[in-house]
Amino acid sequence: MTVRQKLSATPLYMQILIGMIAGIVIGIIALQAKGGAIFVSHWIQPWGQIFIRLLQLIAVPLVFISLIKGMTGLKDISTFSRIGGKTIGIYICTTVIAILLGLAMGLLIQPGKLVNHEQVAHLQEHYHTVAEEKKLAAEQTNEQGPLAFLTDIVPSNVIEAASDNGKILQIIFFAVFFGLASLALPAQKVQPVIALFNSLNDIVLKMVDYIILFAPWGVAALMAGLVTDFQGDTSIFSALAVYALTVVVAMFILLLVFYPVLVHFFTRINPWKFIRAMYPVQLFAFTTSSSAATLPVTLKTVRDKLGISERVSSFVLPVGVTINMDGTSCYQTIAILFIAQVLGIDLSFSQLCIIVVMTVLSSIGTPGIPGGSYVILAMVLTSVGIPAEGLALILGIDRPLDMLRTSVNVTGDAVVSAMVDSPSQ
Ligand code: ASP
């Protein structure tokens, strides 16, 4: 077997981990050699920036197309209003609660604060401009009054909105508006557009696939740059371990406390029976890291083992795969706080609010595939003024966390289908 064959036979998450380690080693070597840090910044770091740019490049098309595809998939507005309103309402509530849990855990534990203070000052200087610009913008919004935030969501020019990743909320607004209008029209009139968006969606997902294939190289380059920026300081690794632990604890709170409570109070299913029935689905999601790939198993389990009607499950679960990602949203919040803490960026209250709203809305556009949230995370980071390069810190250890949050995502979908199906609701 050649080295190349060996490499392509290695699972992607392993390649990313290897990339991370290689980046650290390159960074350490560069620190020892004279002029090494400059070499890294001139010849290696740009590859990492290309990776980040690719993630940012695909963000607007991904969110726009997958939102419209998801909405037009709701078939017609009457199906939408019958169980659709209730489903979407519950989905949004569970997502918000998951995000608030992430926010509480991230602010309470503050894993990113474990890094060395001197390094933080150094990095702050490094990333000074972006953070300051955004802070200024946030302060201006505060001066404009409480509803300025709402006004900002409505674009006056959609092309202009699409040209700025920081204005993704405006794109989401346009996509939802577009989706609602196409739902209101007779099916045969909008059929060509639905077909177009379905195939556009496949193309964009393929592009995401390619970008993620580049991740091991991108992560290696970014990591080498971070090590030279951190000047060999290792406190970042203990911070990383605490960050991972924080995500794991948050996921278990959702799985073992939040969902059983919902099942107990809002459905007729016994929480134990629910946990036992869902276990194989969670395991499947854990191994595939993809809620979309798990959908057939989730559908079969909720119908056969939990007795949820076909009418409800065939609508609620496919919609949930696209729009409901409690695990992902909770994790994203912790990740954003962690990166901000490591880079020494203090987030204001209004920035935290933007994070909550952005995460709720952008989780709708997150594809249910392994690493589907990377693009979205890069986008949310940019829009609150945190350098997206910070992603390099967490991508190397992301796979196990991805597996766990996917299990949470599919469980959340099943819980909501049980709640919508329940006559007491
Ligand atoms: N892998 C996740 C899912 O399929 C998405 C993500 O968080 O990256 O649900």
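The values are calculated or read from the model by the stated rules, or taken from the named source; none is laboratory data. Predicted model only: the values in this text are computed from it and were never measured. Ideal geometry is used to build each Cβ from the backbone, glycine not excepted, and the neighbour counts take in all protein chains shown. The protein model used for the area step is the full one, side chains on, heavy atoms only, and it has no ligands, DNA or RNA in it. Shrake-Rupley method; radii C 1.70, N 1.55, O 1.52, S 1.80 Å.
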In whole Hz, what ³J(HN,Hα) sequence does region 392-408 give by Karplus (6.51, -1.76, 1.60; θ = phi - 60°), x for Gly and Pro?
-> 4, 4, 9, 5, x, 10, 7, 4, x, 5, 4, 4, 5, 5, 5, 4, 5
Efficiency of FRET between Ala195 and Ile253 - r from beta-carbon atoms, R0 30 angstrom, step 0.05 = 0.10
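Show Arg311, Arg405, Arg303, Arg53 ordered by accessible area, largest first, where the area counts protein heavy atoms only and the probe is 1.4 Å.
Final ranking, largest accessible area leading: Arg53, Arg311, Arg303, Arg405.
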Solvent-accessible surface (1.4 angstrom probe) belonging to Tyr13, in square angstrom, nearest 10 | 90
By how many degrees, between 0 and 90 and to the nearest 10, does the Cα long axis of helix 235-253 differ from the longest principal axis of the chain?
-> 10
Sorted by average packing, counted as other Cβ atoms within 10 angstrom per residue and highest first, what order do 392-402, 188-198 take?
-> 392-402, 188-198
Amide H neighbours of Gly368 under 5 Å, at least 5 residues apart or on other chains, H built in the peptide plane: list them.
-> Ala292
Quick numbers on the chain, Rg and Dmax over C-alpha atoms in Å, give 21.7, 71
Helix 291-304: angle to the longest alpha-carbon principal axis of the chain, degrees 0 to 90, nearest 10?
-> 30
Given charges at beta-carbon only (K, R positive; D, E negative), |dipole| of region 162-302 in Debye = 760
Treating only the Cβ atoms of Lys and Arg (+1) and Asp and Glu (-1) as charged, compute the dipole magnitude of the chain about its Cα centre; round to the nearest 20 debye.
-> 1440
For the chain, what % of the accessible area comes from carbon and sulfur atoms, probe 1.4 Å?
-> 68
Report the one residue of Gln32, Ile397, Ile203 whose Cα lies farthest in the direction of the positive end of the charge dipole of the chain (charges on C-beta: Lys and Arg +1, Asp and Glu -1; origin at the Cα centre).
-> Ile203
Please state, as a whole number in µm²/s, the translational diffusion coefficient that the Stokes-Einstein equation yields for region 302-425 at 20 °C and 1.002 mPa s, with Rh defined as the Kirkwood radius across alpha carbon pairs.
-> 138
When the Kirkwood radius is taken over all Cα pairs of region 302-357, what Stokes-Einstein diffusion coefficient follows at 4 °C and 1.567 mPa s, in µm²/s?
-> 93
A correct Karplus calculation of ³J(HN,Hα) over region 415-421, with 6.51 cos²θ - 1.76 cosθ + 1.60, θ = phi - 60°, whole Hz and x for Gly and Pro, returns 4, 5, 5, 5, 5, 5, 6
The chain, accessible area per residue, ligands and nucleic acids excluded (1.4 Å, Å²) = 45
Solvent-accessible surface (1.4 angstrom probe) belonging to Ile308, in square angstrom, nearest 10 | 10
So the compactness index of region 376-425, its C-alpha Rg divided by 2.2 N^0.38 Å, takes the value 1.69
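Which order do Cys93, Cys353 take by accessible area at a 1.4 Å probe, largest first?
Putting Cys93, Cys353 in descending order of accessible area: Cys93, Cys353.
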Region 322-335 - phi-based ³J(HN,Hα) in whole Hz, Karplus 6.51/-1.76/1.60, Gly and Pro as x | 7, 9, 10, 9, 5, x, 4, 5, 5, 4, 4, 4, 5, 4
Taking a probe of 1.4 angstrom, what is the accessible area of Leu337 in Å², to the nearest 10?
-> 10
